[in-house]
Amino acid sequence: MNGKLKVKIKDIEFNSPVIAASGTFGFGVEYSDIVNLSDFGAIVTKGISLLPKEGNPPPRIVETPCGLINSIGLANPGTDAFIETYKEVYEDFPTKVIVNIGAETEEEFLEIIEKIENINVVGYEINISCPNVDKGGMMFSEDPNRTYSLIRHIRKSTHRLVITKLSPNFCNIKELAKASEEAGSDAISLVNTFLGMSVDIETGFSGIGKLFGGFSGPAIKPMALKLVYDTVKTVKIPVIGMGGINNGSDATEFLMVGAQMIQVGSAIFKNPQIAFDINNFLEGYIERKGFSNINEIIGTFKGSRYE
Ligand SMILES: Cc1cc2nc3c(=O)[nH]c(=O)nc-3n(C[C@H](O)[C@H](O)[C@H](O)COP(=O)(O)O)c2cc1C
C-alpha cells in the first residue's frame, strides 16, 4: 500500500479503509496462513458474549444465487475464554482489532467491555442488531431510548473507539443512528444482515435450522448502500458501510455516498484476498481520477443528474 489509503476515525489511523466484517473472519488468526492480515485496515472479531454460546442447530448456512442466509446464533467461546486465547496473540498482531460484542442486557455489555479493556484492541463494535439470537440485542434496536442509554453507559466506561452497529430490519434506522451519536458513539456501522428465510421443498422444513436467518452478500448491496447514504445524511460522526461489497467498485460506491470505511463479510468466503484487491482498485482509482488520497473519494456522490 502506498500510504494514500490511510483513514482516521477518532484518533486512530488505519492503513486501509477495508475492514473484515464480524463473523466472517473468525478472530483473524484463522486466516493468517492464506491472507496478509495487514491488507486489512482492521478486523472485527466474531461477536463475543459474556458466557460461551453453542449457537443455533444446523444447518447454519444456506446459499442463494446472490448471497447467503446464516443462522449461526452468535456461537462463540465467551469473554473469559476469548481473553485467555487471544490476549497474547493480539499483543503483536499485523492489523488493528475491533471486538464485536453481543449481549442481552446493558449490564452484560458493560461487564464484557470491562474485562476486555486490558487486552490490546482498538475498540468495540456494539452489535445491537443480531437477527439470529432470540434476544440478540434486538430490543435495543426497537427503541432509540434504549439504544441511547446503552451507548451512553458504554461511552462512560471506555475511552476506546465505540462503533454502534445497526440493523436494517428496523424502520427507524435514522433515529437509532441519531440516538447513538447523541450518546457518544464514535462511529456507526451498518448494515447487519437482512432477515431472510428458505424452505427445503423435499422435507418441508426451513432450509436453515431456525425459522429465519440473516441474509447477506451481493443481493443486499443496493439496499445497504441506500441505508448508508441515509445514515451519512443523518449523523456527523463517521459511518462505516457494509452489505454485499464484492469488489473495489462496490467499495468505492459506499465511500462515494460518504462512508469513511467499509467492511467486507460474505465476499471473504469466496475471495480471502479481497482486501488486497480492493486496496489495489482504490489506489488505481485515486490515480486515474487525479486525487491525492482516499479522502478525496469520500462523499463525492453527486446525486441525481436531474436535480
Ligand atoms: C456467517 C456470518 C456470521 C456473522 N456473524 C456476525 C456477528 O457475530 N456479529 C455481527 O455484528 N455481525 C455478524 N454478521 C454480519 C456481518 O458482519 C455483516 O454485517 C453482514 O454479513 C453484511 O455484510 P456482507 O454482505 O458483506 O456479508 C455475520 C455474517 C455472516 C455471513
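The values are calculated or read from the model by the stated rules, or taken from the named source; none is laboratory data. Owing to the predicted nature of the structure, the values given are computational and were not obtained by experimental measurement. Counting neighbours? That spans all protein chains shown, and the Cβs are built from the backbone with ideal geometry, glycine included. With ligands, DNA and RNA removed, areas are computed over all heavy atoms of the protein, side chains included. Shrake-Rupley method; radii C 1.70, N 1.55, O 1.52, S 1.80 Å.
In the stretch 29-73, the qualifying residues are those that are under 14 Å from the mean Cα position of the chain (by Cα) and closer than 16 Å to GLY265 by Cβ, and the one that is farthest from the ligand (Cβ to nearest atom) is GLY41. Could you grab the pairs with beta carbons closer than 6 Å, sequence gap of 6+ or different chains, first residue in the stretch 1-20 and touching a residue at least 60 places away in the same chain (Cβ under 8 Å), second one among the hydroxyl-bearing types (Ser, Thr, Tyr)? So the pair list comes out as LEU5/SER16. Just one of the listed residues (LYS87, LYS96) is among the basic types (Lys, Arg), within 20 Å of VAL162 (Cα to Cα) and open to solvent by 70 Å² or more (accessible area, probe 1.4 Å), and it is LYS87. Tallying residues that are among the charged types (D, E, K, R) and modelled with pLDDT under 95 within the stretch 140-173 yields 3. With respect to (1) out of contact with any Leu (no Cβ under 7 Å at 6 or more places or on another chain); (2) modelled with pLDDT of 95 or more, the lone exception for LYS210 is condition (2).
Looking only at the stretch 227-277, how many residues end up being of a type in the set (D, E, K, R) and more than 30 Å from ASP33 (Cα to Cα)? Break it down stepwise before answering.
Here is the first cut: in the stretch 227-277, the ones of a type in the set (D, E, K, R) are 230, 233, 236, 250, 253, 270, 277.
This time we only want the ones that are more than 30 Å from ASP33 (Cα to Cα), so: 230, 233, 236, 253.
Qualifying residue count, the stretch 227-277: 4.
For every residue, the table says whether it meets (1) more than 24 Å from ALA219 (Cβ to Cβ); (2) crowded, with 18+ Cβ neighbours inside 10 Å.
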position: LYS6; (1), (2): yes, no
position: ASP11; (1), (2): yes, no
position: SER16; (1), (2): yes, yes
position: LYS53; (1), (2): yes, yes
position: GLY67; (1), (2): no, yes
position: ASN70; (1), (2): no, yes
position: LEU74; (1), (2): no, yes
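Conditions tested, residue by residue: (1) closer than 24 Å to ALA187 by Cβ; (2) touching a strand residue (DSSP E or B) at 6+ places or on another chain (Cβ under 8 Å).
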site	(1), (2)
ASN247	yes, no
PHE254	yes, yes
MET261	yes, yes
ALA267	yes, no
ASP277	no, no
ASN280	no, no
GLU307	no, no
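Give me the residue from the stretch 218-250 that is among the charged types (D, E, K, R) and surrounded by 19 or more Cβ atoms within 10 Å (Cβ to Cβ) and, out of that set, farthest from the ligand (Cβ to nearest atom). Filtering first and then ranking leaves ASP250. Select from the stretch 241-264 the residues that are in a loop (DSSP other than H, G, I, E, B) and in contact with a Pro (Cβ under 7 Å, 6 or more places away or on another chain) and write down the one among them that is nearest to LEU68 (Cα to Cα). Per the criteria, the residue is GLY244.
Going through (1) surrounded by 17 or more Cβ atoms within 10 Å (Cβ to Cβ); (2) away from the ligand (no atom under 14 Å from the Cβ) one by one, LYS115 falls short only on (1).
I'm checking my understanding of the structure. Among residues of the stretch 193-214 that are outside any loop (DSSP other than H, G, I, E, B) and away from the ligand (no atom under 16 Å from the Cβ), which one is most open to solvent (accessible area, probe 1.4 Å)?
Taking the stretch 193-214 as the starting set, the residues that turn out to be outside any loop (DSSP other than H, G, I, E, B) are 194-196, 199, 206, 213-214.
Then keep just the ones that are away from the ligand (no atom under 16 Å from the Cβ); that gives 199, 206.
Values: VAL199: 95, SER206: 34 Å².
Per the stated criteria, the residue is VAL199.
Of LEU110, LEU190, LEU176, LEU161, all but one fail to be within 16 Å of the ligand (Cβ to nearest atom) and surrounded by fewer than 24 Cβ atoms within 10 Å (Cβ to Cβ); the exception is LEU161.
Out of everything in the stretch 258-272 that is closer than 22 Å to LEU5 by Cβ and open to solvent by 20 Å² or more (accessible area, probe 1.4 Å), what residue ends up being farthest from the ligand (Cβ to nearest atom)?
Step one: list which residues in the stretch 258-272 are closer than 22 Å to LEU5 by Cβ, which gives 258-265, 267-268, 271-272.
If we keep only those that are open to solvent by 20 Å² or more (accessible area, probe 1.4 Å) as well, we get 260, 271-272.
Working: GLN260: 17, ASN271: 12, PRO272: 13 Å.
The residue in question is GLN260.
Among residues belonging to the stretch 273-290 that are without any contact (Cβ under 8 Å) to a residue 24 or more places away in the chain and assigned to a loop (DSSP other than H, G, I, E, B), point out the one that is most open to solvent (accessible area, probe 1.4 Å). So the residue we want is LYS289.
In the stretch 33-45, what count of residues is obtained for those that are out of contact with any Pro (no Cβ under 8 Å at 6 or more places or on another chain) and open to solvent by 40 Å² or more (accessible area, probe 1.4 Å)?
Within the stretch 33-45, the subset out of contact with any Pro (no Cβ under 8 Å at 6 or more places or on another chain) is 33, 39-40, 42-45.
Pick out the ones that are also open to solvent by 40 Å² or more (accessible area, probe 1.4 Å) and you get 33.
Residues that pass the stated criteria total 1.
In the stretch 274-296, the condition of being closer than 29 Å to LEU176 by Cα and within 16 Å of the ligand (Cβ to nearest atom) is met by no residue.
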